[in-house]
1. Kindly indicate whether Thr69 is surrounded by 15 or more Cβ atoms within 10 Å (Cβ to Cβ) and over 23 Å from Met40 (Cα atoms).
2. Sort out which residues of the stretch 98-115 are farther than 13 Å from Ala58 by Cβ and not basic (Lys, Arg), and write them in order of number.
3. Is it true that Asn51 is surrounded by 11 or more Cβ atoms within 10 Å (Cβ to Cβ) and closer than 30 Å to Leu33 by Cβ?
4. Determine the pairs where a residue that is free of Cβ contacts under 8 Å to residues at least 12 places away in the same chain, located within the stretch 61-83, has a partner that is buried (at least 20 other Cβ atoms within 10 Å of the Cβ) with Cβ atoms under 7 Å apart, the partner being 6 or more residues away or on another chain.
5. Looking only at the stretch 53-67, which residues are under 27 Å from the mean Cα position of the chain (by Cα) and within 11 Å of Val95 (Cα to Cα)?
6. Going by the conditions given, is Leu139 touching a helix residue (DSSP H, G or I) at 6+ places or on another chain (Cβ under 7 Å), surrounded by fewer than 14 Cβ atoms within 10 Å (Cβ to Cβ) and touching a residue at least 60 places away in the same chain (Cβ under 8 Å)?
7. Considering each residue of the stretch 30-48, count those that are without any contact (Cβ under 8 Å) to a residue 40 or more places away in the chain and either over 18 Å from Pro112 (Cβ atoms) or among the small types (Gly, Ala, Ser) (or both), and give that number.
8. So is Gly57 crowded, with 20+ Cβ neighbours inside 10 Å and in contact with a Lys or Arg (Cβ under 7 Å, 6 or more places away or on another chain) or not?
Amino acid sequence: MRTSRQIRQTTQPLRSGLATLEAAVTLPLLLLLVFASIDMANVVYLKQSLNISAYEGATTASKPGGTATLARTRAQEVLTARNITGATIQITPTVVPTTSAGGMIIVTVRAPVNRVLVSPFHFFADDAQISSEVRMVRL
């Protein structure tokens, strides 16, 4: 009588190597996704901060008796409170207390993106800037 002998093959070392390969491929992608998400959240925060700053500056400049200096100070206060550095504030036209009512006041706030990025990857150009512009009619 002939008996067949089954040869048992172990797949354990193969599985271990496969898990290592999967980790080697997915871990960098996962880290890239995490850092990209953090950077994008920071960029959205920056954009919202610039929007709020420009709005507050325009509101201050458009009030009766408002000036460009008061508006710039108020816009900078908002940026300081939200830890935004390196921003520039532009107010056109130059607003003085005697500026006539009904004129359009434009407040533009710009800031470099690289000040809020935390990842070692460069998702944006080094000189990339975000700006926000608010237009209001002087009261």
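We did not get these values from a lab; they are worked out from the coordinates using the rules stated. Because the structure is a prediction, the values reported are computed rather than measured. Don't worry about glycine lacking a Cβ; one is built from the backbone with ideal geometry, like all the others, and counts go over all protein chains shown.
1. Numbers: surrounded by 15 or more Cβ atoms within 10 Å (Cβ to Cβ): no; over 23 Å from Met40 (Cα atoms): yes.
No, not satisfied.
2. To start, the set of residues in the stretch 98-115 that are farther than 13 Å from Ala58 by Cβ comprises 98-102, 110-115.
Thr98, Thr99, Ser100, Ala101, Gly102, Ala111, Pro112, Val113, Asn114, listed by residue number.
3. Details: surrounded by 11 or more Cβ atoms within 10 Å (Cβ to Cβ): yes; closer than 30 Å to Leu33 by Cβ: yes.
Yes, satisfied.
4. Listed pairs, sorted by first residue: Leu70/Thr60.
5. Taking the stretch 53-67 first, the residues under 27 Å from the mean Cα position of the chain (by Cα) are 53-61.
Ala58, Thr60, Ala61 - these are the residues of the stretch 53-67 that are under 27 Å from the mean Cα position of the chain (by Cα) and within 11 Å of Val95 (Cα to Cα).
6. Numbers: touching a helix residue (DSSP H, G or I) at 6+ places or on another chain (Cβ under 7 Å): yes; surrounded by fewer than 14 Cβ atoms within 10 Å (Cβ to Cβ): yes; touching a residue at least 60 places away in the same chain (Cβ under 8 Å): yes.
Judged against the criteria, Leu139 is a match.
7. The qualifying residues number 6.
8. Numbers: crowded, with 20+ Cβ neighbours inside 10 Å: yes; in contact with a Lys or Arg (Cβ under 7 Å, 6 or more places away or on another chain): yes.
Yes: the conditions hold for Gly57.
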